[in-house]
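Read through the structure below, which is laid out as structure tokens, and then see the notes.
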Amino acid sequence: MSTTMILGLVAGVVILFLIFAYNRLVGLRQGVQESWSAIDTELRRRWDLIPNLVETVKGYASHERGTLEAVVAARNAAASAKGSPEAQAQSENVLSGALRQLFALSEAYPQLKANENFNQLQKELDDTEVRISQSRRFYNANVRELNTATQVFPSSIVAMLFGFKSAQYFEVDDAAARGPVSVKF
């Protein structure tokens, strides 16, 4: 074999590797974006349930205005938070804390605990919290795969050449907020 053929073969292998690595990185990035969309959908569902929950509580605990306003403010802050998963996680932590305070109110109001609408909203919110948790695990698994691919050799070279970046995990910082909001009475 001539040197030209060997060099051509090596160049062909390198080009095939670059194509394969690039396509894999694109697929991983798409997986991260898709799984973030799933989280966003569940967060929006959660945000949509909260005004109904607050309205139900208002009827029974209208003098608990501070707690109700804190929940509404936290919901609005979480809904308007844009940017990184880290920023979204911080606003969601605040919202989870405000919701815990709201649910604690129901202990002081037996009529509220017995309200069918309140109980249904709690169940829907609990189900949504479970779906958020599942979506977060799926997203974080996709982030792990992308981050691994952008950091291991030799795909890290392709990632650097074509501008692929590591993604941020969607993590809950507050240890009390690591699980779904408790809605059992």
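Here Val172 meets the list (1) among the β-branched types (Val, Ile, Thr); (2) surrounded by 19 or more Cβ atoms within 10 Å (Cβ to Cβ); (3) modelled with pLDDT under 95 almost entirely, failing just condition (2). Within the stretch 115-156, being within 30 Å of Tyr22 (Cα to Cα) and more than 16 Å from the chain's Cα centre (by Cα) holds for Glu145, Leu146, Asn147, Thr148, Ala149, Thr150, Gln151, Val152, Phe153, Pro154, Ser155, Ser156. Return yes when Trp47 is surrounded by 13 or more Cβ atoms within 10 Å (Cβ to Cβ), in contact (Cβ under 8 Å) with a residue 24 or more places away in the chain, within 17 Å of Ala89 (Cβ to Cβ) and in contact with a Leu (Cβ under 9 Å, 6 or more places away or on another chain) and no when it is not. When the stated conditions are applied, Trp47 passes them. Among the conditions (1) more than 23 Å from Arg144 (Cβ to Cβ); (2) part of a helix (DSSP H, G or I); (3) more than 22 Å from the chain's Cα centre (by Cα); (4) of a type in the set (A, V, I, L, M), the only one that Ala21 does not satisfy is (1). Mind listing whichever residues of the stretch 64-110 are outside any helix (DSSP H, G or I) and farther than 15 Å from Trp47 by Cβ? The answer is Glu64, Gly83, Ser84, Tyr109. Candidates Ser80, Ser106, Ser84, Ser91: the one that is out of contact with any Pro (no Cβ under 7 Å at 6 or more places or on another chain), without any contact (Cβ under 8 Å) to a residue 60 or more places away in the chain, among the hydroxyl-bearing types (Ser, Thr, Tyr) and surrounded by 12 or more Cβ atoms within 10 Å (Cβ to Cβ) is Ser91. Just to be sure before I move on: is Gly66 more than 25 Å from the chain's Cα centre (by Cα) and exposed (fewer than 15 other Cβ atoms within 10 Å of the Cβ) in the structure I sent? So Gly66 passes the test. Residues in the stretch 109-122 that are surrounded by 12 or more Cβ atoms within 10 Å (Cβ to Cβ) and in contact (Cβ under 8 Å) with a residue 24 or more places away in the chain: Tyr109, Leu112, Lys113, Asn115, Asn117, Phe118, Leu121, Gln122. Looking across the stretch 76-90, the residues that are among the small types (Gly, Ala, Ser) and more than 11 Å from the chain's Cα centre (by Cα) come down to Ala77, Ala78, Ala79, Ser80, Ala81, Gly83. Take the residues in the stretch 125-154 that are at pLDDT below 95 and farther than 22 Å from Ser91 by Cα; name whichever of them is surrounded by the fewest Cβ atoms within 10 Å (Cβ to Cβ). Across the stretch 125-154, the extreme among qualifying residues is Phe153.
The values are calculated or read from the model by the stated rules, or taken from the named source; none is laboratory data. Remember, predicted model here, so these are calculated numbers, not experimental data. FYI the Cβ positions are ideal-geometry reconstructions off the backbone, even for glycines, and counts take in every protein chain you see.
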